[in-house]
Each structure stands twice: as structure tokens, then as C-alpha cells.
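Remarks on the structure that follows.
The values are calculated or read from the model by the stated rules, or taken from the named source; none is laboratory data. Please read all numbers here as calculations on a predicted model, not as lab measurements. All Cβ positions, even for glycine, are placed from backbone atoms using ideal geometry, and neighbour counts span all protein chains on display. For the accessible areas, the whole protein counts, side chains as well, though only heavy atoms, and no ligand, DNA or RNA atoms are used. Shrake-Rupley method; radii C 1.70, N 1.55, O 1.52, S 1.80 Å.
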Amino acid sequence: MSIYNWIQEKLFDNYEEWYMKSPDYNRNGFNIVGIDNTLKAMHDGFFMYIELYPPHAINGCTAMKARVGKTQDAVDIFLDIDGKTYRMADVSYPDAVKMMRAFVKKRRVPDCSLCVEVANLDIEQMKPTFTELVTLLLGDAKQAKSFMSKAKLRSMEALEDSWWNLYEKLVSKGYAVELSCKCELEDFVHNVQKLIRDKSLDTSENLTIDTAALDEDQCITDWSADLNATWEAHKLVGMDIGTDSLVLMVLSNEEFKTAQELAKELLHRIDVAERS
């Protein structure tokens, strides 16, 4: 370790040689509070995972990862050790913070007796899931097959690229719109109405927008939440692409529930907008 990196680590809790990966961060160098903040974002439903990679193996461990668990209040911890992957299920968020901080600050690996060996995350296992999601959102098996033929899913990085390509495809087809978080109410209403028209949805199913009931001094997440409170058979949902903008779609309740679960399996997020 260089003197500069040693000073950064000991005095400022900056770990320049370590690598962190999350939905909004993917590079070397981070401050220790990045662990706390990312896990909090996971607990709040915004992120699905965080991964930490040391510059050198620690007791054989080359990576420590946390993914959103089956319940809102817990994560699953994964350890890559000597070419094998071990999982510690249902770890509370406070305990996950302690474990990941100790891994970085103290070079301490959690007790593997609390873990079970699992199969490595395999991109081949994710292809059918991604294909199902693409088919659902595009609404056409032929279009989905054409899209997947160009995806070339050979790695997790390729999956990230394909997620971005899917969002662009949805926007180009009129199945989704991308709006700034600071957009005006008039733009929001215009674009959501366009989504409803482009999908040929039946507005008689209470799928209408009462502009008088929306407060122009509020924000896009508040307007979305208001619509979702009045719509019965559909939801206005957001597709997370790791930027400050919002990608909105109109899905039936059943489509939304399925899309949400499929996206979660892909370590991504499709969810309803909530009040800020």
C-alpha cells in the first residue's frame, strides 16, 4: 500500500484500493460511509445490492456482497471464498453494516459456520428471467425474441447494458416515458395520458387523470402516488435505470406484480412511485 493510500485509509476512511459496486456506483475508491448509505438505500427499497472487492484476498475471501432478502428488514450476505460462494440468509441491516464495515476496516471475514454453500450467480440462469420480463414489457413474443437475439448476455456487465437497452426500447415504442424529477405538472399529465393512449388502455376502468386533484406545487412522485391511489386495475410504475430521471410505465396490477418480482431476480428495480 502506498503512503497516500495508507493516509487516506487511516485518517479519512477512504479506501482507494477497494472496489465497490452498486446500482449507482461501480469503481475503485470509496469512503466507509458509502456502505451505510447504500445499505440504507436497499432498506428503503431504492437499491437491490452492494458488492465489495478487496485489493487482495482476505482469508481466501475475494468478495463480500449483500442483496435484498425475502423480507424488507433483512439482506442475504454472500462471500466468495476460494472459488466457492457462501450465503448467510436473513441478516438484519444493522448487522450487515457491521459485517461489511469490519470486512473493509478490520479485514475480518464473517464466521463461515453461519453460511451455506450456494451456486455462483450464473448469467445463464438469468437469461430466462430477463426474457420473460422483456416479453411482458414489450407485450409481444416476436419483438422480445428479436431483442434477446441482440442482447448477447454473456456476463453481468452485459445484463446491465441490456437493461439500459430495454429502457430505450420501451421509450422508443411509446411503452415508457423518461421524465425529469423536476418536470412540470403539465408535462407529467401529457406524458402519462400519452402512455395510456399508446397502450390502448380502456379509460373507462377509472384510468383517468383528474388534473384538478393534483397539486402543481408537489413533485412527480406525489402525482404518481395520487394516480395510483385512484386507479383500480392499473399502476403507474417506475423502472430504475440508475439516473436522476424517472422512467414511467402503465402496467396492469398483475403485470406490475410479475415485473417487480422478475426485476428483483435480476438485481434491478421496478416499483410504484411513492410520496417523497
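Give K70/K106; K127/K264; K21/K182; K65/K105 a once-over and call out the pairs whose C-alpha atoms are over 20 Å from each other.
Going by Cα-Cα distance, K70/K106; K21/K182 fall outside the 20 Å limit.
Using Cα pairs closer than 8 Å and at least 6 residues apart in sequence, work out the relative contact order for the chain, in percent. Please report the intermediate quantities before stating the final value.
Working: 416 pairs, mean separation 34.7, N = 276.
Relative contact order for the chain comes out at 13 percent.
Could you state the accessible area per residue of the range 1-87 in Å², with a 1.4 Å probe and every protein chain left in place?
Accessible surface, normalised per residue, equals 51 Å².
Projected onto the charge dipole of the chain (+1 at Lys/Arg Cβ, -1 at Asp/Glu Cβ, origin at the Cα centre), which of A259, L39, A225 gives the Cα projection farthest towards the positive end?
L39
Please report the projected area of the chain's Cα convex hull averaged over all directions, in nm².
Orientation-averaged projected area of the Cα hull: 16.3 nm².
Run the accessible area of the chain with a 1.4 Å probe and give the carbon-and-sulfur part as a rounded percent.
Carbon plus sulfur share of accessible area: 49 percent.
List the trypsin sites (Lys or Arg not before Pro) in the range 5-91 that DSSP assigns to loop (not H, G, I, E or B) and whose Cβ has at most 13 other Cβ atoms within 10 Å. Which are they?
The qualifying sites are K70.
What whole-number value in Å² describes the accessible area per residue of the range 151-275 for a 1.4 Å probe?
Roughly 51 Å² per residue, with all protein chains present.
Using all Cα-Cα distances in the range 152-247, what percent lands in each 5 angstrom bin from 0 up to the longest?
For the range 152-247, the binned pair fractions read 2, 12, 21, 23, 18, 11, 6, 4, 2, 0 percent.
Based solely on C-alpha atoms, express the radius of gyration and the Dmax of the range 73-230 in angstrom.
Reported Rg and Dmax, both Å: 21.9, 61.
Relative to the Cα centre, what is the charge dipole magnitude of the chain, using +1 at the beta carbon of each Lys and Arg, -1 at the beta carbon of each Asp and Glu, and rounding to the nearest 20 debye?
So the dipole magnitude of the chain works out to roughly 1220 debye.
Divide by every residue of the chain the summed helix terms, -39500 (n - 2.57) for each DSSP H run of at least 4, and state the resulting mean residue ellipticity at 222 nm, rounded to the nearest 500 deg cm²/dmol.
Numbers: 9 runs with 117 residues, N = 276.
It lands at -13500 deg cm²/dmol.
What's the magnitude of the charge dipole for the range 63-174 around its Cα centre, counting Lys and Arg as +1 and Asp and Glu as -1 at the beta-carbon? Answer in Debye, nearest 20.
280 debye
What is the Cα convex hull volume of the range 1-62 when expressed per residue in Å³?
Dividing the Cα hull volume of the range 1-62 by its residues yields 86 Å³.
Mean 1/r over all different Cα pairs, inverted: what Kirkwood radius does the range 1-127 give, in Å?
About 14.9 Å, per the Kirkwood formula over Cα pairs.
Kindly provide the GluC sites (Glu not before Pro) of the range 108-205 that DSSP labels as loop, not H, G, I, E or B, and whose Cβ sees at most 12 other Cβ atoms within 10 Å.
Answer by residue number: E184.
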